[in-house]
1. Under a plain spin-label model, where a point goes 7 Å from the Cα along Cα-to-Cβ, how far apart in nm are Phe19 and Ser84?
2. Calculated FRET efficiency, Phe53 and Leu28, Cβ-Cβ r, R0 30 Å, to nearest 0.05?
3. Expressed in nm to one decimal, what extension gain is obtained for the pair Leu8 and Asp38 from 0.36 nm per residue of sequence separation less their Cα-Cα distance?
4. Can you run the Rg to Rh ratio on the stretch 3-154? Use alpha carbon positions and the Kirkwood inverse-distance Rh.
5. Multiply the residue separation of Phe145 and Ile68 by 0.36 nm, subtract the distance between their alpha-carbon atoms, and state the gained length in nm to one decimal.
6. Given q = 0.13, 0.17 Å⁻¹, what are the Debye log10 I(q)/I(0) values for the stretch 1-91, with equal point scatterers placed on the Cα positions and solvent ignored?
7. Mind checking which of Ile126, Ile63, Ile139 has the largest fluctuation in a GNM of the chain, springs on alpha carbons under 10 Å?
8. Among Asp39, Asp116, which comes first, second and so on when ranked by fewest other beta-carbon atoms within 10 Å?
Amino acid sequence: MKTLKIMLIIVSIFLLDRFTKVLVINNLSLGESISIIDDFFNITYVNNHGAAFGIMDGKVIFIVIVSILIFAYLIYEIRKESHSKLITISISFVIGGLLGNLFDRVVYGHVIDFFDFNLFGYDFAIFNVGDAFIVIGTILLAIGFLLEERNANNNK
C-alpha cells in the first residue's frame, strides 16, 4: 500500500479525533452530559488521567513513553512490504488513534473522552474516536494475522 494512502488514513483519524474533542471541549463543561439516545448513549465530557478503563491513573509520563515505543514499533511494522492491505490499514487505524490520545496526554496531561454508552444496564467506559480506532484496528489486525496464518498453512 502506498505511503501517501497510509499517511492519509493516519492523519484523517488524528484530525477526526482532534475535531470531536475540540467540539466537546468548546461545548460542554467537564462532567456535563447530553443524552443522545435515552438510557443508551450520551455525550459526557470527562478527562482520563490513565489508560484504557482508567487503569494506571496518574501515570501519564509512563503511558506517554509506552505510547511512543508502541508508535515506533508500529511504524517499523507498517513499513514492511510483506503485510497484506488489511494488516496495513489495521496498523494505520491503531497509529491514528494512538497519536490522537498521545497528543492529549502531552498537551493536556490527560485524554479527553466523551462517548458514553449504557449497554444492557452496564455503564460502559467512556471513550473517544481515537480509542474506537485503536480497538477496531486491533480487532482487524488480529483477523489479518489469522488470515495470513491460514493462507500460509494452505500454501504448504
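Derivation of every value follows stated rules applied to the coordinates shown; laboratory data play no part. As the structure is a computational prediction, the values presented were derived from the model and not from experiment. Ideal geometry is used to build each Cβ from the backbone, glycine not excepted, and the neighbour counts take in all protein chains shown.
1. The answer from the label model is 3.0 nm.
2. E between Phe53 and Leu28, to the nearest 0.05, is 0.90.
3. Value of the extension gain: 7.2 nm.
4. Rounded to two decimals, Rg/Rh equals 1.02.
5. Computed gain between Phe145 and Ile68 is 25.4 nm.
6. Ignoring solvent entirely, the Cα scatterers give -0.68, -0.99.
7. Result: Ile139 has the largest fluctuation of those listed.
8. Neighbour counts put them in this order, fewest first: Asp39, Asp116.
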